[in-house]
Amino acid sequence: MLSIKKRIVLWYTVWMVAIISLILAVLSSGSGTLVERRTKALLTGMVHERAEEIEVSQGRISIDEDISFFEDGVYMAVYSSSGNLIAGRIPRDVPLGDYPENQVLVVPGDDDGSWYVYWIQLSFASDSSARIIGAIRAQDMSIFFSAFASLSFWLIVVIAVLSSIGGYIIVRRSLRPAERVVRTAGEIAVGSDLSKRIGLGEGSGEIHQMAAAFDKMLFRLEAAFERERQFTDDASHELRTPISVILAECGYARAHIDDEEKTSEAIGTIEAQAGRMSRLVSALLSIARSEKGTLTPVRTDVDLSELGAIVLETMEDRAGEKGISLYADIEPDVHLYCDHDMLMAMMVNLLSNAISYGREGGMARLSIKDHGTDVMISVSDDGIGIAEKDINRIWDRFYQVDPSRRSGGAGLGLPIVRILAESHGGSAAVESVIGKGSVFTVQLPKEPSPSTK
């Protein structure tokens, strides 16, 4: 099987040879026709030119001695009406016969070769007449065509060789970046190193565009694999901790089976850790469904004003443990066609995040407002804030700005908020200043788009 490089060179050479051969064939055919026409035109022109120079004086044909009856290879002769030669000459090997007037004929000579013969009748006022005949040797086109064919053959050979060499050089240079792409892809396939890049640099050619697209694909693949690896590590870590606690508490309860108080304490710890695992698994399930495109909201008419009040009441005890005051800035009678449980989870996660990273004795505010075609839900706090380098990463799974202040969280609250917002056709954003606090805002459209219905 020929490589694409060899196939391109082969096709290029074949087409070049075919085109040159066609051009040479046309030139050969045209040259023969042109030579024939030129020869006949020369013959007829010379005959008519001499005919105009012949006169009749005193009943006799008068021919000037200066008239040449052989010029440019044309033989001419003047014959009387009785067939006697008056002037000029015709070669002996030219057979003279009763040929039609005013027609150039090809007649075979007595020797090798053939002749073009042409004659016209000269009529004079004295009722006398004469005949002027011209003859010119027909060009031996076989010699011409033989020489032309030989020259064409070697010309085609030279063109084929030059086309092959030139085409190979051009194709090799053109496909060199493609070879680099193939080599890099092979190295990645063997070594599984997604950090490799082709790196052809700037260029407007198709190969450069392909290499740039390949590099972008590698970048996305590397990022995706890194996220999956990090996800696996973090999920394993987050699940390992409660499992270890549950196993330890089971052993503790078994060792103190007769002590009701210690057994009850162990069961309570197991229940808390099991609840944490349940929330973690639910969050992971939501993320998995979102990535598969199967996370579909069950929409109903939800009174967000009432739902916001319920969420604030639910979070009061947890906020009170840190002395954080909860405030409400909720417009009355704000309705949204959405998934009730998803919206509640979204608000709970935002408030939980504000409490976890809020300062002791600080505040957190839940705001729900009607903005025409959208509903704006925001949670603000006066906590530690978020550094600029962390702003984009807080939406990553398991990422935490300050791991030492986990408060039992797994770093999935904010990613879940964004996923739930996007499942409703909305968006989630944050503004933050270090040491002054953060404002998380979720914007949800009142009318769902066709893709989110």
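The values are calculated or read from the model by the stated rules, or taken from the named source; none is laboratory data. What you see is a predicted model, and the numbers here were worked out from it, not measured in a lab. Cβ: placed from backbone, ideal geometry, glycine included. Neighbour counts: every protein chain shown. Each accessible area value is taken on the protein alone, full model and side chains, heavy atoms only, with ligands, DNA and RNA left out. Shrake-Rupley method; radii C 1.70, N 1.55, O 1.52, S 1.80 Å.
Among the listed residues Gly97, Gly88, Gly32, which satisfies the condition of being open to solvent by less than 60 Å² (accessible area, probe 1.4 Å) and within 60 Å of the chain's Cα centre (by Cα)?
Exactly one of Gly97, Gly88, Gly32 is open to solvent by less than 60 Å² (accessible area, probe 1.4 Å) and within 60 Å of the chain's Cα centre (by Cα), namely Gly32.
Condition first: open to solvent by 50 Å² or more (accessible area, probe 1.4 Å) and touching a residue at least 24 places away in the same chain (Cβ under 8 Å). Now tell me which residues in the stretch 100-112 satisfy that.
The answer is Val106, and nothing else.
Quick check on Glu321: is it farther than 18 Å from Lys436 by Cβ, at pLDDT 90 or above and more than 46 Å from the chain's Cα centre (by Cα)?
no
Would you pick out the residues in the stretch 376-406 that are modelled with pLDDT of 75 or more and not in a loop (DSSP other than H, G, I, E, B)?
Met376, Ile377, Ser378, Val379, Ser380, Asp381, Glu388, Lys389, Asp390, Arg393, Ile394, Trp395
Among the residues of the stretch 43-85, write down those that are open to solvent by 40 Å² or more (accessible area, probe 1.4 Å), more than 12 Å from Leu122 (Cα to Cα), of a type in the set (A, V, I, L, M) and in a strand (DSSP E or B).
Across the stretch 43-85, the qualifying residue is only Leu85.
Does Asp341 qualify as being among the charged types (D, E, K, R), assigned to a loop (DSSP other than H, G, I, E, B) and open to solvent by 70 Å² or more (accessible area, probe 1.4 Å)?
Spelling it out, it is not the case that Asp341 is among the charged types (D, E, K, R), assigned to a loop (DSSP other than H, G, I, E, B) and open to solvent by 70 Å² or more (accessible area, probe 1.4 Å).
When only residues in the stretch 421-434 that are open to solvent by 60 Å² or more (accessible area, probe 1.4 Å) and either in contact (Cβ under 8 Å) with a residue 60 or more places away in the chain or not hydrophobic (A, V, I, L, M, F, W, C) (or both) count, which is nearest to Val298 (Cα to Cα)?
Glu422
In the set Ser129, Ser163, which member is modelled with pLDDT of 70 or more, polar (S, T, N, Q) and either buried (at least 17 other Cβ atoms within 10 Å of the Cβ) or more than 30 Å from Glu52 (Cβ to Cβ) (or both)?
Ser163
If we keep just the residues of the stretch 344-375 that are assigned to a helix (DSSP H, G or I) and among the small types (Gly, Ala, Ser), which is farthest from the chain's Cα centre (by Cα)?
Ser356
Look at Val298 and say whether it is modelled with pLDDT of 90 or more and more than 18 Å from Met363 (Cβ to Cβ).
No; evaluated as a whole, the condition is false for this residue.
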